[in-house]
Every structure is written in C-alpha cells, then in structure tokens.
2 protein chains.
Amino acid sequence: MKRHRFAVNVTPKPGILDPQGRAVEGSLGHLGIDGVTEVRVGRRVELTVDAADESAARAIVERLASGLLANPLIETYAIESIGSGG
Amino acid sequence: MKRHRFAVNVTPKPGILDPQGRAVEGSLGHLGIDGVTEVRVGRRVELTVDAADESAARAIVERLASGLLANPLIETYAIESIGSGG
C-alpha cells in the first residue's frame with residue numbers, strides 16, 4: 001500500500017450562476033484593484049488515499065468526486081495528483 | 001495588455017479545525033469507500049487578469065488573495081498560473 005495525495009478542484013459549470021464570484025468582483029473596487037474579470041469560486045478538496053498503485057488510488061478519488069464532492073448538474077471537477085510516498 | 005488566467009487555492013492551515021473535511025470523512029463509510037484520510041476542504045478561485053506581463057498580473061493576484069480571498073489567520077493560499085493569451 002502506498003499513500004497518494006490528491007486534490008479535487010470543483011468549479012461551477014460555464015453558464016451556471018456563481019454568486020460568490022460576483023461578490024468577489026463587486027469587492028475589487030473597494031480594494032482599488034483593476035483589470036480582474038471572470039472570477040469563478042469553487043472548492044478544493046485535498047485528501048490522502050492508501051492504495052496499491054496510482055491508478056487504483058485515482059479510481060477511488062474519481063468515485064468520491066462524482067458521488068460526494070461535486071454536484072454533476074451544476075459543477076465540474078478535475079483531479080490533480082499532488083504527491084505520493086510512504 | 002495580455003490576459004492571464006490564475007487559480008488561487010485556499011486551504012485551512014495545518015492544525016486549524018476543518019469541519020467540512022470531517023463531514024466528508026464521515027460520509028465515506030456510506031459510500032463504501034475505504035482508505036481515504038486527511039481530507040481538507042478549501043476554496044479554489046479562478047480569475048482573469050489584464051496586465052502588461054505575467055509578473056504584474058501575479059502581483060495583482062497576490063494582493064487580491066491576501067486581502068480578500070484568504071483569511072491569513074486560519075488559511076494559506078497558493079497561486080497557480082493556468083494559462084495566458086489575447
């Protein structure tokens with residue numbers, strides 16, 4: 001068994017309303033920040049998986065991401081390997 | 001002016017309570033998923049910056065991340081370039 005560390009990046013699908021993104025854009029003026037557009041706010045979930053190899057570990061993360069972490073109607077996700085060891 | 005796309009990954013600092021991470025861990029059993037530990041739930045903010053070059057763009061993202069997107073008492077952030085163009 002090896003430990004694999006992954007991140008799951010969950011973002012709102014294009015065209016889906018993103019009120020948190022609009023809130024960030026609305027605050028830019030108060031900070032005096034110019035030239036920032038197309039803000040999308042999502043989640044980032046980092047986790048460790050114990051599995052025989054990278055592909056077995058990734059299959060577990062895939063199941064977790066599609067079944068629990070992301071809402072497939074309104075969100076997409078991307079899985080990123082951020083290290084392995086032990 | 002060029003368009004630069006960045007992501008800001010905001011995660012709870014080590015040792016800081018992460019109730020969302022605990023909730024995910026608590027749900028793993030219901031999904032029949034085994035071997036997943038150390039779950040941390042943070043935010044991922046993607047945005048576009050119009051700036052003369054990459055380093056000017058990154059300075060703007062840095063200001064935004066430290067001043068608005070992350071709470072420096074309990075969170076850390078990492079800035080990731082995810083493309084440029086136009």
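A:Y77 passes all but one of (1) within 7 Å of another protein chain (Cβ to nearest Cβ); (2) in contact (Cβ under 8 Å) with a residue 24 or more places away in the chain; (3) within 21 Å of B:L69 (Cβ to Cβ); which number fails?
(1)
For every residue, the table says whether it meets (1) farther than 20 Å from B:L28 by Cβ; (2) of a type in the set (K, R); (3) facing chain B (nearest Cβ under 7 Å).
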{"residue": "A:K13", "(1), (2), (3)": "yes, yes, no"}
{"residue": "A:A23", "(1), (2), (3)": "yes, no, no"}
{"residue": "A:L28", "(1), (2), (3)": "yes, no, no"}
{"residue": "A:R43", "(1), (2), (3)": "no, yes, yes"}
{"residue": "A:A57", "(1), (2), (3)": "no, no, no"}
{"residue": "A:P72", "(1), (2), (3)": "no, no, no"}
{"residue": "A:S81", "(1), (2), (3)": "no, no, no"}
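Looking at A:A7, A:A65, A:A59, can you tell me which residue is free of Cβ contacts under 8 Å to residues at least 12 places away in the same chain and not hydroxyl-bearing (S, T, Y)? Break it down stepwise before answering.
Values: A:A7 fails: free of Cβ contacts under 8 Å to residues at least 12 places away in the same chain; A:A65 fails: free of Cβ contacts under 8 Å to residues at least 12 places away in the same chain.
When all the criteria are applied, what remains is A:A59.
If I filter the stretch B:41-60 down to residues being hydrophobic (A, V, I, L, M, F, W, C) and within 12 Å of the chain's Cα centre (by Cα), which single residue comes out as surrounded by the fewest Cβ atoms within 10 Å (Cβ to Cβ)? Explain how you work it out, then say what you get.
Let us first name the residues in the stretch B:41-60 that are hydrophobic (A, V, I, L, M, F, W, C), namely B:41, B:45, B:47, B:49, B:51-52, B:56-57, B:59-60.
Right, trim to within 12 Å of the chain's Cα centre (by Cα) and you get B:41, B:45, B:47.
Numbers: B:V41: 21, B:V45: 26, B:L47: 26.
Per the criteria, the residue is B:V41.
Readers should treat all values here as calculations from the given coordinates under stated rules, not as data from a laboratory. Please read all numbers here as calculations on a predicted model, not as lab measurements. Glycine gets a Cβ as well: all are built from the backbone with ideal geometry, and neighbour counts include every protein chain shown.
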